[in-house]
């Protein structure tokens, strides 16, 4: 069976899987990215993980390539550049170094651009020529498709919408020290920061007054909202308001037919999505109102990013 | 000689010209858009203007088409939709109505998208596959080229960057009632509004304290800056700061190789361009620093928009 290795390098987890032509992820595993201080150790771990996955496959196996999605990756140079949520700083020649370990056709791209390609090949964006995929993990990533093509940019760094400043230079700092950058508000991390902000602004009681920032998890915030915790509800509303405005702004750029959302924050369901939908329509220019959908990814949640990475190779085999 | 009629419908002026294959505008004229309350009178005026221009041409003349650039124009439906700076409200079927008067192949597009196409065919963007053209007139228009193609959007309304909100919904209102919309700050009108804002904020003397808003013109503001008027200098700096941040944000979207600026505000020269360059580089993500140029249009100023409109037709004859 022909399979592609899909690797998603995230700020928290790295996921590796084997994906067939239809986008079905046959098997996958993951490990904590932050456990690997040194790039070489991290790449050795990837190599071992691939060996483990292939060993477990039954029948004959034909690996036709390896696709990698990573934050701040340049498709043109094969490097990761100054990623806010990764330990390895500067310009990291990841493609070259991984090729020394895995001898296969290889392609790397911004993780969210890979996700967009996965959505187009295997998911809910089949047949769409204008859409934007947004990944909401530790940060906020984006992949932009217009005129039926992925927008890569002059040297491969297009689609860094998590670092767009929405506050005239007067807001929170992102991990890259961007003032007012969108992902400082709209991401798993952004939501946690907003919990702190709301507790600083209001005096109402909340379960979060007895939980330290480092012990705070997205699922807890959803659970708290369900139990009526006012701080949690206010935090979701605030996040949705900024997110809705951001998506309305993005619409004025390439006028997508739809946005596709994936990642941790989406699991908060109605708490984020209901107010998002409302604020989004409110902020849209009249000329766009009622024309732009906010949709969920059509790929299985746990392997969305892996399928996206694999799509980088499968795109070339159609 | 083969010529194309290029028509640029602006908030203040409508310009009409005859353009050859190399982008040379053989002759042109203009009239005030606002003098025509009724669309039919306006279209009659266009028809008469075209007749006047063609009569004056010597030698045999072969008109091969008519390209139109207009604010809020949809390339797909041939209409102008709710343009903030035009008198005719709602959905205006301009292409259909003009065809009744001028029997030629016709194409309409957002004026700034047309300008981008003109820059690519005839100007300084020849050979570039990723760039953004910004027109700074009564409002702020934009045309986006990525992967060597104009981004038109799902139904032809991409590139409305003048209406992107930079202030988390808490800023000036544009003519379309968009809160914090970029063109409320960065445009000829925006600069005039900033003169008022600076006089409200500071008590320093200024020549503008004795000039009414309606009597204020861009050229006066440049002249005042040259004479050391503090309010004028502060207004340029404030405009450039917001503009620089906006261009840095746009870079994170499609990562253009260059921005091309045209329109009235650019005539203020160093007063706007020097601080713009500084703020822009300051706001850019590290990964983009030093890679993105801010350039002027390579087309003659008075006919830039006409050449852009004509490019809509010439693009199809290459």
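A short reminder: the numbers here are calculations on the coordinates, not readings from a lab. The model shown is predicted, which means the values in this text are computed figures rather than measured ones. Cβ atoms come from the backbone with ideal geometry, glycine included; neighbour counts cover every protein chain shown.
Kirkwood hydrodynamic radius, segment A:272-318, all distinct C-alpha pairs: what's the number in Å? Each step should come with its number before you reach the end.
Numbers: mean 1/r = 0.0746 Å⁻¹.
Radius from the Kirkwood sum: 13.4 Å.
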- Note on the structure: Scoring chain B by relative contact order with C-alpha pairs under 8 Å, at least six apart, yields a percentage of 21
- Query: Anyone know which of A:109, A:199, A:120 comes out most mobile in the 10 Å Cα GNM of chain A?
  - Reply: A:199
- Please work out the Cα center distance from segment B:110-153 to segment A:44-93, rounded to the nearest Å. 37
- Message: 7 Å from Cα along Cα→Cβ at both residue A:38 and residue B:91: what's the point-to-point distance in nm?
- Response: 6.5
- Query: With the contact rule set at Cα under 8 Å and sequence spacing of 6 or more, what percent relative contact order holds for segment A:127-296?
  - Reply: 24
- Most fluctuating residue of A:75, A:200, A:49 in a GNM of chain A with Cα springs under 10 Å: which is it? A:200
- When A:274, B:155 are ordered from fewest to most other Cβ atoms inside 10 Å of their Cβ, what list results? A:274, B:155
- For chain A, the longest principal axis of the Cα atoms and the Cα long axis of helix A:230-254 enclose an angle in degrees, to the nearest 10, of 60
- Note on the structure: Taking Cα atoms, the helix A:270-283 axis meets the longest principal axis of chain A at an angle in degrees (rounded to 10) of 80
- Nearest-first distances (nm) between copies at residue B:201, label 7 Å from Cα via Cβ: 2.4
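Exposure proxy check: B:66, B:25 ranked by fewest other beta carbons within 10 Å? Intermediate results must be reported in sequence, preceding the final value.
On the way: B:66 26, B:25 21.
Fewest to most other Cβ atoms nearby, the residues stand as B:25, B:66.
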- Can you give the extra length, in nm with one decimal, that the chain gains between residue A:27 and residue A:316 once fully stretched, where that is 0.36 nm per residue apart less the Cα-Cα distance? 101.8 nm
- At residue B:201 and residue B:282, where each label point lies 7 Å from the Cα along Cα→Cβ, what is the point-to-point distance in nanometres? 1.3
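Over the alpha-carbon set of chain A, divide Rg by the Kirkwood Rh and report the Rg/Rh ratio to two decimals.
In chain A, Rg relative to Rh is 0.97.
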- Query: Between segment B:256-311 and segment B:200-254, what's the alpha-carbon centroid distance in Å?
  - Reply: 17
- Taking the label point 7 Å from Cα in the Cβ direction, how far apart in nm is residue B:77 from each other copy of itself, listed shortest first? 4.4
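Quick check on segment B:127-296: of the DSSP beta bridges with both residues there, what percent are antiparallel, nearest 5%? Working shown, then result.
Values: 10 of 19 bridges.
Antiparallel bridges: around 55 percent, rounded to the nearest 5.
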- Query: Hey, for residue B:302 with labels 7 Å out along Cα-Cβ, what do the inter-copy distances come to in nm, ordered shortest first?
  - Reply: 7.0
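Could you state, as a whole-number percent, how many of the C-alpha pairs of segment B:158-227 are farther apart than 19 Å?
Considering segment B:158-227, 40 percent of its Cα-Cα pairs are separated by more than 19 Å.
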- Would you mind checking the tilt of helix B:188-201 against the longest principal axis of the Cα atoms of chain B, expressed as 0 to 90 degrees and rounded to 10? 20
- Task: In square nanometres and to one decimal, what's the mean projected area of the convex hull around the Cα atoms of the protein assembly as shown?
- Result: 30.8
- Taking every Cα atom in segment A:1-55, find the radius of gyration and the maximum pairwise distance Dmax, and write them in Å. 11.6, 35
- Message: Under the √(5λ) rule applied to the eigenvalues of the Cα gyration tensor, what semi-axes describe the equivalent ellipsoid of segment B:73-218? Give them in Å, descending.
- Response: 32, 19, 15
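So if I take the alpha carbon set of segment B:198-318, get Rg, then get Rh from the Kirkwood formula, what is the Rg over Rh ratio?
Numbers: Rg = 17.4 Å, Rh = 16.5 Å.
Result: Rg/Rh = 1.06.
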- Percent of alpha-carbon pairs separated by more than 25 Å within segment A:127-296: 31
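At 222 nm, what helix-only mean residue ellipticity would chain A give, in deg cm²/dmol to the nearest 500, using -39500 (n - 2.57) for each DSSP H run of four or more? Provide the component values of the computation, followed by the final result.
Numbers: 8 runs with 109 residues, N = 318.
Rounded to the nearest 500, it is -11000 deg cm²/dmol.
Using 1/(1 + (r/R0)^6) with R0 = 35 angstrom and r between the beta carbons of residue B:215 and residue B:177, what's the FRET efficiency to the nearest 0.05?
The computed FRET efficiency comes out at 0.85.
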- Query: Listing A:152, A:315 from the residue with the fewest other Cβ atoms within 10 Å to the one with the most, what is the order?
  - Reply: A:315, A:152
- Note: probe point = Cα of residue A:64 + 7 Å toward Cβ; backbone nitrogen < 18 Å; residues of segment A:87-116 passing the test are A:103-108
- Task: May I ask for log10 I(q)/I(0) of segment A:184-268 at q = 0.18, 0.20 Å⁻¹, from a Debye sum over the Cα atoms as equal point scatterers with solvent left out?
- Result: -0.75, -0.88
